[in-house]
Every structure is written in C-alpha cells, then in structure tokens.
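See below for the structure under consideration.
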Amino acid sequence: QFRGQVTLDGPSGTGKSSVARAVATQLGAAYLDTGAMYRAATVAVLDAGVDLSDAEAIARAVSAADIQVGTTADAELVTVDGVDVAERIRGAEVTRTVSPVSAVPAVRRLLVDRQRALVAEAHAVVVEGRDIGTVVLPDATLKIYLTAAPEARAERRAGQLGVTDPGRIAEIAADLRRRDEYDSSRADSPLRPAADAVVVDSTGLDREAVVERVLELARTAV
Ligand code: C5P
C-alpha cells in the first residue's frame, strides 16, 4: 500500500491529467487537479465581470467564491457557489483567461492553502499542476515533471478536441505555446521542474508506458 505524495507538474498537452488519474487509481490514492481549481477561480472572475488587469479585484472575486473540487480520480467534481462547472472550465473562454488569473499572487496564496489542506487529509495522494513539486509540496515522496515535444502536445490536444484540420492544429499549438510561456515567465511560482524531480518525456510513449514508469518510481520511492 503506497503512503505518500506524488506530484506531477509540467506544461499542457503532455497527458498529465490522464496519467495522474491512472496512477492515483493504481496506487489507491486520492487525486487533486489543481488546474481545475485555477480554472474554477477563473469562472468566478469571469462571472464577477471584473477588469482582468485589476489584480486586487480578481483576488476579491476569487476569495468571495465558494470553490469546491473533488479528490477522487474517477469523477470530476468542480463547483463554484454550488453550480457544477466541470464542463465549463474546459471551454475556450476559461482556457484563454486562466493564465492571467493564476498569475495573481493573492489568488495563488488562497488556492495553495486549500491545496495543502486537502492533501493533509489523505494518506496517499497524487497532485497535478505547475508548481506542486516546487512550491505546494516541496517535501513530496516523488516528484515527476512530465514533458513532451511541442508537436506531440499539440497533436494530443487536437485529438482530445476531435480536430484534424492542419490549420486548426497550428492554432492549438500556438495557444499551448502562449499559455506555457505565460506560466513559465510569471514572477510567482513559474512552471519549472523542481531540482529533485524526475523528468519524464512522454513524446512517442503511450499513456500506459508513462503510467508504468511513474508507478515503478513510486514503488521504489517509498
Ligand atoms: O492543468 P490545466 O491546463 O488545467 O491548468 C490550467 C492553468 O492553470 C495553467 O495554464 C496555469 O495557468 C494554471 N495553473 C497554475 N498552477 C497550477 C495548476 C494550474 O498556475 N498548480
């Protein structure tokens, strides 16, 4: 029985979520999708109609909202003020707005506190995001940084969206690049591997191979 914390960080389109869910299920661990929390916070900001260049107003809107996320791998439970937003957080509007919202330090402080509180309740947990190994859980049992070549990431995302048109795939690639640049260059908790993270490149690997590799590392990390 695995006891401990596995962190899974990395840019978008690496297959991070499906790997994290599968690993959590295999380990019998809880699962926390911190990206879903930042996306739910973005819903609150959009619905409050605040100016996206006003960091204080963004932070106020997020702290006023009741944001709940589930901690099991087999269900996606995300609510804002009691409304199910599991589908909406995956839409284009939220995806476009989430990076500027998550770059606001007061928003990060609030959500990081909640993330640590949720993790503290679990004996075993898999947490995915951008800053989990570097900031949220610096003493985690196992830290994975998942990467993949940009083309592989764009194709994976296009596949999820059912897009086959090369022009649209190029647009998806540009969107991913923009979001990753934003996430990597922000001052507070930028996207980067922790010094003690194991870097796994998923280019050309199927999900099962990546899951096997992480499980193997988890078994030897205990
Ligand atoms: O993982 P996902 O693509 O759902 O994350 C959405 C966005 O939330 C990221 O692009 C990033 O801006 C933000 N995020 C973050 N820190 C995390 C998780 C997500 O800033 N730990």
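Remarks
- For Ser12, the requirement of being within 25 Å of Ala158 (Cβ to Cβ) and open to solvent by 20 Å² or more (accessible area, probe 1.4 Å) is not met.
- Meets criteria (within 23 Å of Gly133 (Cβ to Cβ), small (Gly, Ala, Ser) and within 14 Å of the ligand (Cβ to nearest atom)) for Ala30: no
- Looking only at residues of the range 158-176 that are within 12 Å of the ligand (Cβ to nearest atom) and open to solvent by 60 Å² or more (accessible area, probe 1.4 Å), we find that the one that is nearest to Ala92 (Cα to Cα) is Asp175.
- Verdict on Arg88 being within 12 Å of the ligand (Cβ to nearest atom), in contact (Cβ under 8 Å) with a residue 24 or more places away in the chain, over 22 Å from Val210 (Cα atoms) and open to solvent by 10 Å² or more (accessible area, probe 1.4 Å): no
- Cβ-Cβ under 6 Å pairs, at least 6 apart or on other chains, the range 1-22 side closer than 23 Å to Ala195 by Cβ, far side open to solvent by less than 10 Å² (accessible area, probe 1.4 Å) and among the β-branched types (Val, Ile, Thr): Gln5/Val125; Val6/Val126; Thr7/Val127; Thr7/Ile132; Leu8/Ile144; Asp9/Ile132; Val19/Val210; Ala20/Val126
Yes or no, residue by residue, for (1) under 15 Å from the mean Cα position of the chain (by Cα); (2) closer than 22 Å to Ser12 by Cβ:
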site	(1), (2)
Ala59	no, no
Ala65	no, no
Thr71	yes, yes
Gly82	no, no
Arg88	no, yes
Pro105	no, yes
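- Residues being assigned to a helix (DSSP H, G or I), surrounded by 15 or more Cβ atoms within 10 Å (Cβ to Cβ) and within 12 Å of the ligand (Cβ to nearest atom) - total across the range 91-125: 14
- Among the numbered conditions (1) open to solvent by less than 30 Å² (accessible area, probe 1.4 Å); (2) under 18 Å from Pro11 (Cα atoms); (3) away from the ligand (no atom under 13 Å from the Cβ), the only one that Ala218 does not meet is (2).
- Residue within the range 37-47 that is farther than 22 Å from Arg96 by Cβ, open to solvent by less than 20 Å² (accessible area, probe 1.4 Å) and under 14 Å from the mean Cα position of the chain (by Cα) present: no
Here's the yes/no breakdown for (1) β-branched (Val, Ile, Thr); (2) in contact with an Asp or Glu (Cβ under 8 Å, 6 or more places away or on another chain):
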{"site": "Ile169", "(1), (2)": "yes, yes"}
{"site": "Pro190", "(1), (2)": "no, yes"}
{"site": "Val200", "(1), (2)": "yes, no"}
{"site": "Thr203", "(1), (2)": "yes, no"}
{"site": "Ala209", "(1), (2)": "no, no"}
{"site": "Arg219", "(1), (2)": "no, no"}
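- Some residue of the range 18-26 being surrounded by fewer than 18 Cβ atoms within 10 Å (Cβ to Cβ) and out of contact with any Lys or Arg (no Cβ under 9 Å at 6 or more places or on another chain): yes
- In the range 126-146, the residues that are more than 19 Å from Asp183 (Cα to Cα) and hydroxyl-bearing (Ser, Thr, Tyr) form Cβ pairs under 6 Å with partners that are more than 11 Å from the ligand (Cβ to nearest atom) and open to solvent by 10 Å² or more (accessible area, probe 1.4 Å), at six or more places apart or across chains, as follows: Thr141/Gly4; Thr141/Gln5; Thr141/Ala221.
- Residues located in the range 181-198, provided they are touching a Gly at 6+ places or on another chain (Cβ under 9 Å) and open to solvent by less than 90 Å² (accessible area, probe 1.4 Å): Leu191, Pro193, Ala194, Ala197
The values are calculated or read from the model by the stated rules, or taken from the named source; none is laboratory data. In this text the structure is predicted, and so the values were computed from the model without any measurement. We place every Cβ from the backbone using ideal geometry, glycine too, and count neighbours over all the protein chains shown. Note: areas computed on protein heavy atoms with side chains; ligands, DNA, RNA excluded. Shrake-Rupley method; radii C 1.70, N 1.55, O 1.52, S 1.80 Å.
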